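Have a look at the structure below before the remarks.
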Amino acid sequence: MTTVEWPVLPLNRTPPGSYFPAIPPPTPPAARSYPQAVRNAPITALMGIVVDGRQPARHPETVRCRVRKQVGSTNRWRLPQSLGSDLLGTSQAVKAIKEPAWSDSVRSIMTGESACTSVNRDPDKAYKFQMEESRPFSSPRLLRKAALSRSSSPSIPSPPRTAPAQMVSPRLAIHKPLTPHHPTPAQVLHYHSKHIFDVAGPDVVLHCLSTSWELHKPFLQKSKVLSELLYKAENPKQQHFYRDRTAETLDRYIRDSDIYSNEYQEISQRLNTVTISDGPRKGLSDPAHTSIQRTRNVTAIKLKIKDANVTKEALAIALGNLYHDDTRVDEEDVAGVMAAAYHMQCPGLLNGCSQIMIDTVKASNVCTYMKAAIQYEQSSVITTCERWLELNLVPQLSLQIHLRELPMEVMTKLLKSTRLFTYNEYSLYKTLCNWIFLRRHPELKLMPSHSSIITYFNSLPKHSAFLEREEGQVYSGLFLSLKLHGITDTSHLDDIQQMNILPYQWLLRVLTQHYHSLQAGGDMRLLQYNFYSGSVRAGFIMEQDLPFYCEVMSIHGFHFELKAVRLDAEGTYTFYIQRLKPSDPVLSFRACERHTFSLRQDRDVRYDIKVQCFLDGQYQCWSTGVQAHGFGLDGKTSQSKPFTLSNLRCPVYATFHMVFPPT
């Protein structure tokens, strides 16, 4: 009998097969000292020189820990030396103390809802993200999924939201399938009709835009065109569908592509057959290649649409909305869907698209909405876009690249409108120049500066004005609609002369009118006696509920203060015009020193005050009508009759029309 002796290990030794992680080494003192020096540097610098008069030692500069001698507004002050009279350094040191030591990105990593940074107290329970009151709901993807589930299942009541209401806009609902890539038209249509496909297969195939759309008869009654085509269609025929949609897509691509030869297409067709062990090969039309539940008798109809605005995606959304009682269209697709609904004669969808346009009009889409509404005869959308443009053409649209999309007939109508808002007449002249420049340069992607536009027009040939050349004659009617006599500032007149857009005779007529008005005490004798065509405009926008708003208007030696005063917190304002004296503190030093002042004691003025705002879902306009008042320099006659309005909501657009009649 053989005896095996096992080696005896000492008690203080571990078996060779076991593993114990090594204890992490302590942080080097140099690595700990640098962050501490960075945190204490601004405090030490603001404390100044200590009692013994010695400057604190700076952290040693190394390759890894280098002290910055220049820092920006987002970096911390890193120099511990006394600041003394360094005001800039003092400001940066104070800012460093107020700002937290950790940046937003570092804090988001440290406080993120991740299993790597947060652990469970109880190891027996599944991990759950920490949700505290101090941590807001910050998951827009969950909102999108919630909106998607509510839109796809309208009959199921949705649970209450836990996110703040202000984070979700009324138009945030997603009406397209959430896919890693842009969804195809077929996927968009299937997304809207999937609750019907799960119950019954399609019984109508619509051939339109080189695509076959699978539809259902009961929902086609919402379209007059499709219902008529369905009524005139032939008897239903049996249609087979591929078992796998991926194979169908691949076969269609090979068949329609010019890269693959006929031989390869025949091979692909032959390989897509099913071999039965006890029988011959079966072709693609055999039921072995189709699902039984998807083999039905369907009616084939054709629709021809010759409209560039109707794309496959827009048609898919329009057909998908036939399956809903409400309108589910995103803002960026509403113009194309309106075009498809117009050709299919879907009044419900057409009205729904019109309402979406009315609710979402803004500078980036107002021109697109306007073109679509004019082409497809939607008067309500046309009215809304025109009212929006009358108020925001100069304040918003003139500063964006979308200005080039504004049609010329719409621009002509806007310039002749009596409700058009503008800060002054020169602002309207700049807007028109920007519009012409952008139309002549369609390749631009960003809005150029006004100085660049002046340089461009100044670089054109000098032998004639822009409006006198062939390419500029089409814009002559637009400049005739401007009130050029209302541009009295010398710097503005210099820009107009430098741009060389207006003919020399036009500019001479404007200067002659100014000269005669100055010599005649402000009388506008050379103007046609029509108030709205001869008046000079000035205005301002009340964007906040401030106690008062004011603007100074100077013309022909007379200076007026255009004022709006808030009377209560309910939105009651009073508007009036007040004549200013040369010593009035409202006028700037430059105006008092260099501008012309008329010593005439009284000045007859015909004026009109227009106030506009968006109230109760509509654009409201109030006007005093054409009024006459003799403005003097004393307190009794220097102010016009107050015009009081209540329940106004910001933004409020106030426009003042003024004309000096001959006396």
Only residues that are under 30 Å from PHE560 (Cβ atoms) and over 23 Å from the mean Cα position of the chain (by Cα): list them for the stretch 431-448, please.
-> CYS433
Working only within the stretch 564-584, note down all residues that are among the basic types (Lys, Arg) and surrounded by 15 or more Cβ atoms within 10 Å (Cβ to Cβ).
-> ARG566, ARG579
Counting just the residues of the stretch 298-312 that are under 21 Å from ALA372 (Cβ atoms) and among the charged types (D, E, K, R), which one comes out surrounded by the most Cβ atoms within 10 Å (Cβ to Cβ)?
-> LYS312
All-but-one check, ALA628 against (1) of a type in the set (A, V, I, L, M); (2) under 22 Å from THR488 (Cα atoms); (3) modelled with pLDDT of 90 or more; (4) open to solvent by 70 Å² or more (accessible area, probe 1.4 Å), failing number (2)
Here are some conditions: (1) under 21 Å from HIS629 (Cβ atoms); (2) outside any loop (DSSP other than H, G, I, E, B); (3) open to solvent by 20 Å² or more (accessible area, probe 1.4 Å); (4) acidic (Asp, Glu). GLU561 meets all but one. Which one does it not meet?
-> (3)
Look through the stretch 360-377, keep the residues that are in a loop (DSSP other than H, G, I, E, B) and among the hydrophobic types (A, V, I, L, M, F, W, C), and return whichever of them is most open to solvent (accessible area, probe 1.4 Å).
-> VAL361
Pick from the stretch 394-421, criterion in a loop (DSSP other than H, G, I, E, B) and within 22 Å of the chain's Cα centre (by Cα), ranking: surrounded by the fewest Cβ atoms within 10 Å (Cβ to Cβ) = PRO407
Does the stretch 591-601 contain at least one residue that is at positive phi, out of contact with any Phe, Trp or Tyr (no Cβ under 7 Å at 6 or more places or on another chain) and of a type outside the set (Val, Ile, Thr)?
-> no
Please find, within the stretch 641-663, the residue that is most open to solvent (accessible area, probe 1.4 Å) out of those that are in a strand (DSSP E or B) and within 25 Å of HIS556 (Cα to Cα).
-> VAL659
Which of the residues that make up the stretch 380-393 are assigned to a helix (DSSP H, G or I) and either touching a Pro at 6+ places or on another chain (Cβ under 9 Å) or under 17 Å from SER417 (Cβ atoms) (or both)?
-> ILE382, THR383, THR384, CYS385, GLU386, ARG387, TRP388, LEU389, GLU390, LEU391, ASN392
Considering GLU377, GLU390, which residue is among the acidic types (Asp, Glu) and closer than 30 Å to LEU229 by Cβ?
-> GLU377
When the stretch 486-509 is examined, which residues are found to be within 20 Å of THR412 (Cβ to Cβ) and outside any loop (DSSP other than H, G, I, E, B)?
-> GLY486, TRP506
If you go through ASP523, ASP495, the only one that is within 28 Å of LEU587 (Cβ to Cβ), modelled with pLDDT under 90 and surrounded by 16 or more Cβ atoms within 10 Å (Cβ to Cβ) is ASP523
Among the residues of the stretch 585-598 satisfying the criterion of being touching a Leu at 6+ places or on another chain (Cβ under 9 Å) and open to solvent by 60 Å² or more (accessible area, probe 1.4 Å), which is nearest to GLU543 (Cα to Cα)?
-> VAL586
Give the residue that is farthest from GLN400 (Cα to Cα), with candidates limited to residues of the stretch 446-463 that are in contact (Cβ under 8 Å) with a residue 12 or more places away in the chain and open to solvent by less than 60 Å² (accessible area, probe 1.4 Å).
-> LEU460
List pairs: first in the stretch 425-443 and in a loop (DSSP other than H, G, I, E, B), second not small (Gly, Ala, Ser), Cβ under 9 Å, 6+ apart or cross-chain?
-> HIS441/ARG404; HIS441/PRO448; HIS441/TYR456; PRO442/ARG404
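The values are calculated or read from the model by the stated rules, or taken from the named source; none is laboratory data. None of these values were measured; they are calculated from a predicted model. Note that each Cβ is placed from the backbone with ideal geometry, even for glycine, and that neighbours are counted across all protein chains shown. The protein model used for the area step is the full one, side chains on, heavy atoms only, and it has no ligands, DNA or RNA in it. Shrake-Rupley method; radii C 1.70, N 1.55, O 1.52, S 1.80 Å.
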